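This report refers to the structure that appears directly beneath it.
The values are calculated or read from the model by the stated rules, or taken from the named source; none is laboratory data. Since this is a predicted model, take the numbers as computed values, not measurements. Glycine also receives a Cβ, built like all others from the backbone with ideal geometry; neighbour counts cover every protein chain displayed.
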């Protein structure tokens, strides 16, 4: 198990996109209960099952296991709650930190969020210009919430 | 992924116990939704995460992954729905088939069920003397149902 500490922000403009490569993510949920979220994700040509607990503040317990791609595809198609979440994930390095920028499509088209993973909850973070409002802990932006309440219905 | 085909029966008496070894099972659920059950199980000194779909008839799609014991212990303690299911599982060979007999304790004490896994849904099964009523497909006997409705409340 690991403890996940991360901050999440909305994204302005496209400046962040210039030097970034992206991977296609396709993911779904077997449980969206915030106390025991179970996610199935295909990221490029690899697949993972990830379990997250509630935690406290911005730190959440997280367990992740790589699983066979064909298992993930079958679970996404047949078992996971619909709609699935589809997005491009871009990795952007900035001042020594690794930002993950998610550009959603499908029913969440128009939503772009940036996440940075930290070593401690009080770590000082220098924000890139293209980072907007912080939405850490705002449940509407949880990927698991975007199934029941996709961005195009906000 | 595998397809699980199994039949389940109640058990009479203790004759089945004579030559059987047992392993202690401790398990809990991250999702008890019948269309996407997610189980965490410690079986002796190994641990597994198992996902089952709805399927049709007595065949259910099943995905199982071995996970680290300490992850399973943390998920059982902190994430899984309560109460946990605790039981002894006995393996009994009979006429070439392998029966799994589960003797529950805790809030399900008094319940003993036997399951046999089959190669096809129409396979002929010779039943041991100690096997009673068939309860295949009876949702009350799903381990995932025994959390919300334990046997001592029936």
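Mind checking whether some residue in the stretch A:60-79 is more than 14 Å from chain B (Cβ to nearest Cβ) and closer than 16 Å to residue A:25 by Cα?
Pass one, the stretch A:60-79, residues more than 14 Å from chain B (Cβ to nearest Cβ): none.
Within the stretch A:60-79 (the criterion being more than 14 Å from chain B (Cβ to nearest Cβ) and closer than 16 Å to residue A:25 by Cα), the answer is no, since none of the residues qualifies.
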Report whether or not residue B:136 is in a loop (DSSP other than H, G, I, E, B) and either out of contact with any strand residue (DSSP E or B) (no Cβ under 8 Å at 6 or more places or on another chain) or on the phi < 0 side of the Ramachandran plot (or both).
yes
Residue B:24: passes all of (1) within 19 Å of residue B:146 (Cβ to Cβ); (2) more than 9 Å from chain A (Cβ to nearest Cβ); (3) surrounded by 15 or more Cβ atoms within 10 Å (Cβ to Cβ) but (3)
Hits in the stretch A:34-63 - residues which are touching a residue at least 40 places away in the same chain (Cβ under 8 Å) and either part of a strand (DSSP E or B) or on the phi < 0 side of the Ramachandran plot (or both):
A:34, A:37, A:39, A:40, A:43, A:52, A:58, A:59, A:60, A:61, A:62, A:63
The stretch A:31-40 - residue that is within 23 Å of residue A:137 (Cβ to Cβ) and either buried (at least 22 other Cβ atoms within 10 Å of the Cβ) or in contact with a helix residue (DSSP H, G or I) (Cβ under 6 Å, 6 or more places away or on another chain) (or both) and, of those, farthest from the other protein chains (Cβ to nearest Cβ)
A:37
Counted residues in the stretch A:45-87 being under 17 Å from the mean Cα position of the chain (by Cα), at pLDDT 95 or above and loosely packed, with under 15 Cβ neighbours inside 10 Å come to 2
